[in-house]
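Let me give you the structure first, and then I'll get to my questions.
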Amino acid sequence: MHIWLVKIGETLPIDSCPRLYRMGMLAQALAASGHEITWWASTWDHAQSRYRFAQDTTVEVMARYHLRLLHSTVTYQRAVSRNRAWQNWQQARAFARSANRLPPPHLIVSAMPTPDLADQAVRFARAHRIPSVVDARDMWPDVISEVLSPAKRLVAWPYLAYMRRVLRHACHGATGLTSITEPFLDWIVRYAGRPRTSLDRAFPLAYSEPPPPSEAELMAAREFWWQKFRMRKGDGSSVVLFLGKLNRTILAVFGDVLVAAEKLARERPDVRFVFGGDGDCANELRRRASARANIVFAGQLGIHEMAAVKEMAAVALLPVQRRADYQMSLSNKVYDYLAAGLPIVSYLRGCVGDLLDQKACGVCYDDAEGLSAALKQLHDQPEFRQKLGAASRRVFEEQFDASRVYPQFVAYLEALAAASRSPDGLF
């Protein structure tokens, strides 16, 4: 079966040191099942804010697995911006033009976002009477409206209304809808304007563990931490680790971390907070934490440096604003922490809080006092900490390992395609 995957903004297998996300892991699973894959993506590298190529380009990843990269003349630096909206529109039109010059596949899976691209994919599928799936990972445009100031929301209202209309059309026309959690699936089905059916399914984002570093690579990464921050496993420090983008959702609740860090500096001086990653608010976060010697900002880390700091970490931290979309989902950070066997201390509740409570693999906090109390308990009770960490690893292996999740996604797509070819059909 030939399947088109449509998703811009993700890391691609041709990128340097790629860490594949949802579409990349689905592509791997489909290829392993013997299907032919065409992944429509972008020449613009969202993570690095640079072009991969200067024109539309097709790249062979392996036999029967190709990337078709769409070029846009518009670039952007800010995740929510007029230029990004314009680039998204350009690439949706570029997909429509290019797709219509090719033989249709047997099935199309389009990610949401972006609404424009999902809508063009569904339009193509319906025109050629082939099944299509819209897979929701982000709550565009609802979340965009939420993060804008009232004045900017008023100015952006026509564009947000346009996005909602386009998304409704895409969801209504898709054969099936998928998403990353049950609440997220309920949200995207409401855009379709119909009840849920057996063709609508939730599949976790899941996580694919990178190959373990060699002993030489791990030794070099350990040396990085020692030379730069005087940190190494067994040095007596207790590391509270955050890995991810340093954006406004972190900045919004960072005050609790600062207060807890000040309290712990007096009461548990061996506790250190390590923030790995970069983002729009990295400089502001560093400025606010400049007086806290027990908060370290390590910057963007490679996979080996991340492996080394995870083995030093005692606790994983999730200080993320309680935005509606985050409350309804489980992020890549959660899966990363579970795979590392770390207890999670989370400000988020919702799906994350339910998971931590039901599987006993972490705790939630509501304020600085709650955060400092949770960290002191985990610091002072190593057996309790180890119990939570073991539960983290167990729930990852049982529920969120990509090698378990994505074969189920593949089976769903195969059944959908088979149903469309049956005498009764889906159309």
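Here are the criteria: (1) of a type outside the set (Ser, Thr, Tyr); (2) over 13 Å from Pro115 (Cα atoms); (3) touching a Gly at 6+ places or on another chain (Cβ under 8 Å). Tell me which single one Lys152 does not satisfy.
Tallying (1) of a type outside the set (Ser, Thr, Tyr); (2) over 13 Å from Pro115 (Cα atoms); (3) touching a Gly at 6+ places or on another chain (Cβ under 8 Å), Lys152 fails exactly one: (3).
Table: residues versus (1) without any contact (Cβ under 8 Å) to a residue 40 or more places away in the chain; (2) of a type in the set (D, E, K, R); (3) on the phi < 0 side of the Ramachandran plot.
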| site | (1), (2), (3) |
| --- | --- |
| Val345 | no, no, yes |
| Leu348 | yes, no, yes |
| Gly353 | yes, no, yes |
| Leu356 | yes, no, yes |
| Ala360 | yes, no, no |
| Gln377 | yes, no, yes |
| Arg404 | no, yes, yes |
| Val410 | no, no, yes |
| Ser422 | yes, no, yes |
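Quickly run through the stretch 167-181 and pick out the residues that are buried (at least 20 other Cβ atoms within 10 Å of the Cβ) and either within 17 Å of Ala92 (Cβ to Cβ) or more than 16 Å from the chain's Cα centre (by Cα) (or both).
Matches in the stretch 167-181: Leu167, Ala170, Cys171, Ala174, Thr175, Gly176, Leu177.
For the stretch 377-389, indicate whether the set of residues that are within 15 Å of Ala206 (Cβ to Cβ) and surrounded by fewer than 22 Cβ atoms within 10 Å (Cβ to Cβ) is non-empty. Outline the logic, then answer.
So in the stretch 377-389, the residues within 15 Å of Ala206 (Cβ to Cβ) come out as none.
Taking every residue of the stretch 377-389 in turn, none turns out to be within 15 Å of Ala206 (Cβ to Cβ) and surrounded by fewer than 22 Cβ atoms within 10 Å (Cβ to Cβ).
Tell me which residues, restricted to the stretch 316-327, are farther than 10 Å from Val143 by Cβ and in a loop (DSSP other than H, G, I, E, B).
Looking only at the stretch 316-327, we keep the residues that are farther than 10 Å from Val143 by Cβ, and these are 316-322, 327.
Across the stretch 316-327, the qualifying residues are Pro319, Val320, Gln321, Arg322.
Also, quick follow-up: Kindly list the number of the only condition in (1) assigned by TED's automatic domain parsing to the domain that holds Ile37; (2) loosely packed, with under 15 Cβ neighbours inside 10 Å that fails for Val410.
Unmet for Val410, out of (1) assigned by TED's automatic domain parsing to the domain that holds Ile37; (2) loosely packed, with under 15 Cβ neighbours inside 10 Å: (2).
Within the stretch 233-274, how many residues are among the charged types (D, E, K, R), within 29 Å of the chain's Cα centre (by Cα) and either within 22 Å of Arg385 (Cβ to Cβ) or not assigned by TED's automatic domain parsing to the domain that holds Ser331 (or both)?
3
Of the numbered conditions (1) surrounded by fewer than 16 Cβ atoms within 10 Å (Cβ to Cβ); (2) at pLDDT 95 or above; (3) of a type in the set (Val, Ile, Thr), Val155 satisfies every one except a single condition; which is it?
(2)
Could you go through the stretch 182-196 and let me know if any residue there is surrounded by 14 or more Cβ atoms within 10 Å (Cβ to Cβ), touching a His at 6+ places or on another chain (Cβ under 9 Å) and of a type in the set (Ser, Thr, Tyr).
So in the stretch 182-196, the residues surrounded by 14 or more Cβ atoms within 10 Å (Cβ to Cβ) come out as 183-189, 191-192, 196.
Subset that is touching a His at 6+ places or on another chain (Cβ under 9 Å): 191-192.
Okay, now just the ones that are also of a type in the set (Ser, Thr, Tyr), so 191.
Looking through the stretch 182-196, at least one residue is surrounded by 14 or more Cβ atoms within 10 Å (Cβ to Cβ), touching a His at 6+ places or on another chain (Cβ under 9 Å) and of a type in the set (Ser, Thr, Tyr).
So, one more: Looking at the stretch 1-32 only, could you name the residues that are more than 21 Å from Phe95 (Cβ to Cβ), hydroxyl-bearing (Ser, Thr, Tyr) and touching a residue at least 60 places away in the same chain (Cβ under 8 Å)?
Correct list: empty.
Any chance you could count how many residues in the stretch 11-39 are in contact with a helix residue (DSSP H, G or I) (Cβ under 6 Å, 6 or more places away or on another chain) and either surrounded by 23 or more Cβ atoms within 10 Å (Cβ to Cβ) or closer than 12 Å to His66 by Cα (or both)?
4
Same structure again: Name the residues in the stretch 190-223 that are in contact with an Asp or Glu (Cβ under 8 Å, 6 or more places away or on another chain) and more than 25 Å from Cys351 (Cβ to Cβ), would you?
Ala221
Then there's this: Within the stretch 108-137, how many residues are in contact (Cβ under 8 Å) with a residue 60 or more places away in the chain and surrounded by 24 or more Cβ atoms within 10 Å (Cβ to Cβ)?
Count: 12.
Going through the stretch 33-47 one residue at a time, which ones are of a type outside the set (Asp, Glu) and either under 16 Å from Ala92 (Cα atoms) or touching a residue at least 24 places away in the same chain (Cβ under 8 Å) (or both)?
Those that are of a type outside the set (Asp, Glu) and either under 16 Å from Ala92 (Cα atoms) or touching a residue at least 24 places away in the same chain (Cβ under 8 Å) (or both): Ser33, His35, Ile37, Thr38, Trp39, Trp40, Ala41, Ser42, Thr43, Trp44, His46, Ala47.
Within the stretch 328-354, how many residues are closer than 11 Å to Phe396 by Cβ and part of a helix (DSSP H, G or I)?
Number of matching residues: 6.
Would you check which residues across the stretch 211-224 are in a loop (DSSP other than H, G, I, E, B) and surrounded by fewer than 16 Cβ atoms within 10 Å (Cβ to Cβ) and list them?
Selection gives Pro211, Pro212, Ser214.
Mind listing whichever residues of the stretch 59-92 are modelled with pLDDT of 95 or more, surrounded by 15 or more Cβ atoms within 10 Å (Cβ to Cβ) and of a type in the set (D, E, K, R)?
Result: Arg68, single match.
The values are calculated or read from the model by the stated rules, or taken from the named source; none is laboratory data. Quick caveat, the model's predicted, so the values are computed rather than measured. Don't worry about glycine lacking a Cβ; one is built from the backbone with ideal geometry, like all the others, and counts go over all protein chains shown.
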